[in-house]
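Worksheet for the structure shown next.
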Amino acid sequence: MGEFELIARHFTRAAPPGGAVVLGVGDDCALLQPTPGHQLAVSSDMLVEGRHFFAGAEPEALGHKALAVNLSDLAAMGARPLGFTLALALPAADEAWLAPFARGLFALADAHACPLVGGDTTRGPLTISITVFGELLPGHALRRDAARAGDELWISGRTGEARLALALRRREPWARGELATVQDRMDRPTPRLALGQALAATAGVHAALDVSDGLLGDLGHILKASGVGAEIGMNALPVAPALSALDEGPRLDCLLAGGDDYELLFTADASARKAVLSAGRRAGTAVARIGRLTRTPGIRLLDAAGRESPLAARGFDHFAN
């Protein structure tokens, strides 16, 4: 199977009627027509075999995750998806791999009305690179530099389950539980698009990002960009049942430093608390208030009595780990 047959068989589809895609796969460029008066939101992510996913990973789940991590970036800004491009390096044109990969990719794309509009294929080590395009109204983006001292700090869903899944898969000695109960949290993350759009339309919500490299590490990006600090209540962190059986140290490491959660971490005025909870209900996503932002730089982790605890966990850095 040659390159163009591969593209035609697995990645060429008619553009959906009435959407933003004027011209999709098959020409030198795709043509998108955003809604008049809106801004474009653009994000790219790369997944490399052996670095971001295990060799031999199930291709349908991999197709889902490759797009999900990009849609999560749109969610963090509060943007609505318009379309995406796919650049794919393959060791070989393997029909048995390509068919389920495309199936997982398009199932998520269709669920969020985000069509494939172009890309490239080549021979090489398995690498998946996606660029996603979205739109939102000017002034509505949930930027990292918009947080304010006094804001409340919120998280969607729960963190740590993907880290536990990785530990169980690696048979790390501290990990307990059944891989099947947490595996989808690592292999098939849920991009919080409905929540991101609801938050972007909620007065008093200021900054957001998606948690990909650990809650503490990613929170640090908001704090640095906005020039503020944070206090987090340990007892306020939502804990999945699968993490409850862990010792305190590993549990906190999962909650605070585990990556691949793709939950939204965001800040909002205290006066917006009811509106934030309402946005979560409309989006069908649980949200929890876990702390507040301060004028004092740094992150303080507080126990149930309000005493400061040492930060044993840290976020993940691709070049330091």
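Against the conditions (1) without any contact (Cβ under 8 Å) to a residue 12 or more places away in the chain; (2) farther than 28 Å from L82 by Cα, G139 satisfies every one except (2).
Condition check ((1) surrounded by fewer than 22 Cβ atoms within 10 Å (Cβ to Cβ); (2) charged (D, E, K, R); (3) touching a residue at least 40 places away in the same chain (Cβ under 8 Å)) across all residues:
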| residue | (1), (2), (3) |
| --- | --- |
| A180 | yes, no, no |
| R192 | no, yes, yes |
| L199 | no, no, yes |
| A203 | yes, no, yes |
| L215 | no, no, yes |
| L219 | no, no, yes |
| I222 | no, no, yes |
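One residue stands out among those in segment 123-172 that are buried (at least 24 other Cβ atoms within 10 Å of the Cβ) and of a type in the set (S, T, Y): the one that is nearest to V21 (Cα to Cα), which is S156. Checked against (1) at negative phi; (2) in contact with a Lys or Arg (Cβ under 9 Å, 6 or more places away or on another chain), T190 meets all criteria but (2). Of the residues making up segment 107-148, not one is in the same structural domain as Q197 (by TED's automatic domain parsing) and over 21 Å from A201 (Cα atoms). The set of residues in segment 243-274 being part of a loop (DSSP other than H, G, I, E, B), of a type in the set (A, V, I, L, M, F, W, C) and either free of Cβ contacts under 8 Å to residues at least 12 places away in the same chain or buried (at least 16 other Cβ atoms within 10 Å of the Cβ) (or both) consists of L246 alone. For segment 223-242, the set of residues classified as part of a helix (DSSP H, G or I) and either under 19 Å from S156 (Cβ atoms) or of a type outside the set (K, R) (or both) consists of L223, A225, S226, M234, N235, A236, P241, A242, listed by residue number.
In segment 130-137 there is no residue that is outside any helix (DSSP H, G or I) and modelled with pLDDT under 95. If I ask for residues that are under 17 Å from the mean Cα position of the chain (by Cα), among the basic types (K, R) and either at pLDDT below 95 or assigned to a helix (DSSP H, G or I) (or both), which ones from segment 159-194 would you list? Those that are under 17 Å from the mean Cα position of the chain (by Cα), among the basic types (K, R) and either at pLDDT below 95 or assigned to a helix (DSSP H, G or I) (or both): R163, R185. Among residues that are touching a strand residue (DSSP E or B) at 6+ places or on another chain (Cβ under 8 Å), outside any helix (DSSP H, G or I) and either surrounded by fewer than 19 Cβ atoms within 10 Å (Cβ to Cβ) or of a type in the set (G, A, S) (or both), A93 is not included.
Considering only residues of segment 7-59 that are more than 22 Å from the chain's Cα centre (by Cα), at pLDDT 85 or above and outside any loop (DSSP other than H, G, I, E, B), which is surrounded by the fewest Cβ atoms within 10 Å (Cβ to Cβ)? Here the residue is V22. Scanning segment 77-124 for residues being closer than 28 Å to L142 by Cα, in contact (Cβ under 8 Å) with a residue 12 or more places away in the chain and within 18 Å of the chain's Cα centre (by Cα) gives a total of 18.
The values are calculated or read from the model by the stated rules, or taken from the named source; none is laboratory data. Computed from a predicted model, the values in this text were never measured in an experiment. Positions of Cβ are backbone-derived with ideal geometry, glycine not excepted, and every protein chain shown enters the neighbour counts.
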